[in-house]
Amino acid sequence: MSNNFYLKMTIALMSFALMGDFVVIPAIGGIYSDLPNANPVLLDFILTGPMMVAVLSSIMSGFLASYIRKKSLLIGSYILFILVTYGGALLVNIYYIVAMRALAGFATGMIAVTSLGLISEVFVKDAERSSMLGLFNGVMAGAGIILSFASGFLATNDWKNSFYLYLAGIPIVLMMIAYLPKTPPEGKGESINKLVQFPFRHFGMVAVSFLLFNALYDIVAYYIAIYLEEAQLGDASMAGVLSSLGTTGSLCACLLFSLIYLRFKDITPVFACLVMGVAYIVMSFPSNIWVIGIMCFLSGASYGLGISYFYMHASMIVEPAVISIAMGLMASCVYLGVYFSSHLLNMYKTVLNVQIIAPTFLYIGITLIFLAILVFISITKSKVSQPVHI
């Protein structure tokens, strides 16, 4: 089953839904223009609110997987995702759009966790699981690049045109129906009959490290346009290019993740933190756009390695019966990382008493070097409670 080409392609393509916000981001200007009198809080929710809803559904999906087949959860969530995302442009009303975006966040969280849980259940051996996780995250990064460019082009005349891109999920649903295995609910498996002790203490250290890793990366990912404007190195179009370079770096690293992981094992996330830290430190000094581009690529590549490793490691330190719960907690760290990144950046600016971003990058880079130490300690301690996966 794990060697089935169509199964692997289906699971990899399911990551399309996780990059759905890349359709909305280029269209957000048009949405704001068509809703000039809307409450600013509701307008902000359109862009960032779904991530907070996804935190709740990520945790919920881990528990639902104990009672419902992952295939059923995935197909149901994907159909909901297509309906509320494509349908989100059918009515230009702030309350309607906010409701559709909230449901999109709910569906995204369900898809993210259940997909990762299915990978951990079907692909048992290290080589297979690391390869599939790398492919899943790599296709996700590739989808982000394609959706960004396509949405920007389609939104030129009317922002509603961008939402047609969500219809690409229809053939993916058909593939899911045809090729996903009907694995039993986790609660019905033999391992649930044992007294399963979730390693909250050791798992918690890994989750906190992962949350910090996400939040620190999201600063450069989400604020690169402001950084360029302050440094007078480019406009919004250049920010788009650099953002694509970061995503391309993540794509390359994810596709190479299995080879890197099998060779370096637990040093992989430590290396990712260090490289990202160096990239931040370089960007903190006056430079040119070429150097910044290389650093964005390296930051994205480091993130691709880190996120693939953390998901891989989290699936290996818990019993099979609670893998989906573990994936739910890890996915929550991704969404919370986006939310906390702005607060973290403001904290650096307040402590350093600066109004611009560039000076904070030096200290963010130093933080990442210390985070590498925390990551190594948390991974080492978590392996003490690591169950044996046959």
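In the set Val173, Val139, which member is modelled with pLDDT of 90 or more, buried (at least 22 other Cβ atoms within 10 Å of the Cβ) and among the β-branched types (Val, Ile, Thr)? Every option except Val139 fails the conditions. Step by step: first the residues of the range 310-341, then only those that are of a type in the set (Val, Ile, Thr) and over 19 Å from Lys125 (Cβ atoms), then the one that is modelled with the highest pLDDT. Which residue is that? Within the range 310-341, the match that is modelled with the highest pLDDT is Val334. For the range 309-347, which residues satisfy the criterion of being in contact with a Ser or Thr (Cβ under 6 Å, 6 or more places away or on another chain) and among the small types (Gly, Ala, Ser)? Those that are in contact with a Ser or Thr (Cβ under 6 Å, 6 or more places away or on another chain) and among the small types (Gly, Ala, Ser): Ser315, Ala321, Gly328, Ala331, Ser332. In the range 32-57, the qualifying residues are those that are part of a helix (DSSP H, G or I), modelled with pLDDT under 90 and of a type in the set (Gly, Ala, Ser), and the one that is surrounded by the most Cβ atoms within 10 Å (Cβ to Cβ) is Gly49.
Criterion first (within 18 Å of Ile224 (Cα to Cα), assigned to a helix (DSSP H, G or I) and of a type outside the set (Val, Ile, Thr)) does His343 satisfy it? Yes, satisfied. Counting only residues that are under 25 Å from the mean Cα position of the chain (by Cα) and of a type outside the set (Phe, Trp, Tyr), the range 148-159 holds 6 of them. Ser148 meets the stated requirement of being within 20 Å of Tyr335 (Cβ to Cβ), at pLDDT below 90 and in the same structural domain as Pro40 (by TED's automatic domain parsing).
Can we say Met276 is of a type in the set (A, V, I, L, M, F, W, C), in contact (Cβ under 8 Å) with a residue 60 or more places away in the chain and touching a helix residue (DSSP H, G or I) at 6+ places or on another chain (Cβ under 6 Å)? The answer is yes for Met276.
The set of residues in the range 268-289 being crowded, with 16+ Cβ neighbours inside 10 Å, over 14 Å from Phe370 (Cβ atoms) and among the β-branched types (Val, Ile, Thr) consists of Thr268, Val275, Val282. A single member of Leu368, Leu362, Leu344 is touching a helix residue (DSSP H, G or I) at 6+ places or on another chain (Cβ under 8 Å), closer than 30 Å to Phe45 by Cα, at pLDDT 90 or above and surrounded by fewer than 21 Cβ atoms within 10 Å (Cβ to Cβ), and it is Leu344.
The values are calculated or read from the model by the stated rules, or taken from the named source; none is laboratory data. Keep in mind that this is a model prediction, so the values were computed, not measured. Because the Cβ atoms are built from the backbone with ideal geometry, glycine has one as well, and the counts that use them run over all protein chains shown.
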